[in-house]
Amino acid sequence: MTTREFDGIRLERVREHVWEIPREGEMRVPARVLASESLLERIGDDKTLEQLTNATHLPGMTGQAICMPDGHQGYGFPVGGVGATDAENGCISPGAVGYDINCGVRMMKTNLTYDDVRGREEELVESLFANVPSGLGGGGIVDGDMPTVEAVLDRGVDWALEEGWAVPADLEHCEDEGRRPDADPDAVSQKAKDRGKNQLGSLGSGNHFLEVQRVTDIYRDDVAAAYGLEPDQIVVLIHCGSRGLGHQTCTDYLRKIEQRHDDLLGALPDKELAAAPAGSELAEAYYGAMCACINFAWVNRQLIMHRTRQVFERVFDRSWESMDMQLLYDVAHNIAKREVHEVDGAERKLYVHRKGATRAFPAGHPEVPAAYRDVGQPIIIPGSMGAGSYVLRGGEASMDLTFGSTAHGAGRLMSRTQAKQEFWGETVQDELRDQQQVYVKAQSGATVAEEAPGVYKDVDEVVRVSDELGIGDKVARTYPVCNIKG
Amino acid sequence: MSFELRPHTADVAVASRGGTLGEAFAAAADGLAAAMCDEIPETGERFSLTVRAEGREALLFDYLDRLIYERDVRGVLPVDNEATVREADGEWTVEASARGVPLGAIAARDVKAVTYSEMRVERVDDGWETYVVLDV
């Protein structure tokens, strides 16, 4: 048997791209890493494997704790981690969801081609930058008051539809039609609402961005046709989350759990794995609050998408409807969801935690929107601003291997502090424009340096592994044209 | 008192030290500001805050969390932090102040939250040291 060892953690090769850390000591289940040899080298470089092993200690953990091919060190639970806990006798863990609840990605299609945009990139990037709030303190697209925040938390994209910020087709192409029915706005603190009030419709900063892209490759003609993607087409990718409201909600519940369930916390190897026992008052309150934050994040991305339509109208002097600017799909990266999965031949109700991982349900699954049920759920994998992004579809093997999940991006390999030593923001911007015809505009040059293409893993390799495992199948590849960030 | 930004794959860590626990906390808060902004101007009004918690680590967590909250609600970056820490009957209190630089005057990046990951608050020979990972 082939084995590898990193800092005393031994992995056994189960088969191509599947590595297992056998159960020992206090681990409740084994852990698995889905990676090629080269990705495993990177994953073994930091504390990802230690954090993954720690995650197996969560009560009710079922099957295995799994690291996706783009996994890397986070806090508590690794980024790229998937963990399913028993929803009746296990726990729910805010730490395994992360601070940016429903950080995620959506892709909007257009009927424009690259030729329609060439020569106008500067104008487009400037207009997007001027009209889509980003960075710190930039406000939001909507001047939110408290009743607005409450309505958004409760009704999600339904609110946006009522207010003229969405059309019915937007809801039909979003998970849960853009509204989590379990949302409980009362479980979100006033502090969190205060933070979210001024940020409704804003990108934030860090790795969040809005990117105009062109489709460069199609790998599966039938699925691409069902998704409405073709070569040379212009699409828009939006990556952001629930902003300060979601961050505060995670913080609030970590502290409440610490104070109320210190016995459970004391038995876990890392405080950031903070978990509330399934069925407890805090578990129910957190689930309701998290679902409300999911609604907030969907509205956040919806507002940015609709504002982008208005920007395109001005730049191209046509209505957005005539440019067929339709939502392809919206995927969440940081959530926990009550789902039913078959485990050892029996149906089990589970909280599936996906932290830096994407749901990837295959064709035929009843929770895939009707529009895509015959071909599988779209998955959008953003790459760095100098590399391609991918559209995948949920693969047939995902339900058996990963509780219906796959990767969420390229995954970082270099720290932000090191990136700022190695790269200079303006140089990165100039090189991207002059050598790759990618136009970048950011609030802060440091953000460009921290997000330079060289700080990310090879997204092609991440997607290759996902495709070969059959958890997320390659459908199309896109390449950046314009990028704005905080 | 001093701080240093330390590498972390996805996020940023702050290591701080001070002659007193309050100074070490204030230095960690200055590190939080440095993680968001490289060049800080000499503008802004000072404001005060008091935070209470059940332990030293919890207090550091809640103090930095409160500064992030004040940042979003007041629209300022809290810099030049000052803090004193005391304990009575098991309750820990930090009395602190900061100068709030208006966010409109600077190019700042978001720090989303404080984490407990790898957090340390330790007494050393000449004072106190802290280590905090921030979610970026």
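Counting only DSSP beta bridges with both residues in chain A, the antiparallel share comes to about 90 percent. Counting lysine pairs in the range A:364-486 whose alpha carbons fall under 21 angstrom apart, excluding pairs fewer than 8 residues apart on the same chain, gives 6. A helix-only calculation puts chain A at -10000 deg cm²/dmol for mean residue ellipticity at 222 nm, using -39500 (n - 2.57) for each DSSP H run of at least four residues, averaged over all residues. Compute the Cα gyration tensor for the range A:313-448, then decide on rounded, prolate or oblate, letting a ≥ b ≥ c be the square roots of its eigenvalues: rounded whenever a/c is under 1.5, prolate when a/b is larger than b/c in the other cases, and oblate in all that remain. Taking the square roots of the gyration eigenvalues as a ≥ b ≥ c, the range A:313-448 is oblate. Label the range A:1-159 by shape, choosing from rounded, prolate and oblate, from the square roots a ≥ b ≥ c of the eigenvalues of the Cα gyration tensor; if a/c is under 1.5 it is rounded, and otherwise prolate applies when a/b is larger than b/c, oblate when it is not. It comes out oblate by the Cα gyration axes. Shielding of peptide A:415-425 by partners, expressed as the average count of other chain Cβ atoms within 10 Å per residue Cβ, is 3. From least to most packed, judged by other beta carbons within 10 angstrom and beginning with the fewest, A:PHE361, B:PHE47 follow the order B:PHE47, A:PHE361. The modelled label-to-label distance for the pair B:GLU54/A:GLU367, using points 7 Å beyond Cα in the direction of Cβ, is 3.3 nm. Computed about the Cα centre, the dipole magnitude for the range B:2-135 is approximately 240 debye when only Lys and Arg (+1) and Asp and Glu (-1) carry charge, each at its Cβ. On a 0 to 90° scale, report how tilted helix B:21-36 is relative to the longest principal axis of chain B, with both axes built from alpha carbons and the result rounded to the nearest 10. That helix lies at roughly 30 degrees to the long axis.
As a rough footprinting exposure proxy, the listed residues A:ILE141, A:ILE379 were ranked by other beta carbons within 10 Å of their own, and the order from fewest upward is A:ILE141, A:ILE379.
Rounded, prolate or oblate, given the Cα gyration tensor of the range A:45-123, with a/c below 1.5 counting as rounded? Because a/c hits 1.5 or more and a/b exceeds b/c, the range A:45-123 counts as prolate. Highest mobility in the GNM of chain B, judged by mean-square fluctuation with C-alpha springs under 10 Å and restricted to B:VAL94, B:VAL12, B:VAL73, is found for B:VAL73. Estimated from helices alone, the mean residue ellipticity of chain B at 222 nm is -8500 deg cm²/dmol (sum of -39500 (n - 2.57) over DSSP H runs with n ≥ 4, per residue).
Annotation: the residues A:LEU265, A:LEU40, A:LEU254, sorted from fewest to most other C-beta atoms within 10 Å of their own C-beta, follow the order A:LEU265, A:LEU40, A:LEU254.
All of the numbers you see were taken from the coordinates with simple rules; none came from a lab. Here the structure is a predicted model, which is why all the values come from computation and not from measurement. Cβ sites come from the backbone with ideal geometry, for glycine too, and all protein chains shown count toward neighbours.
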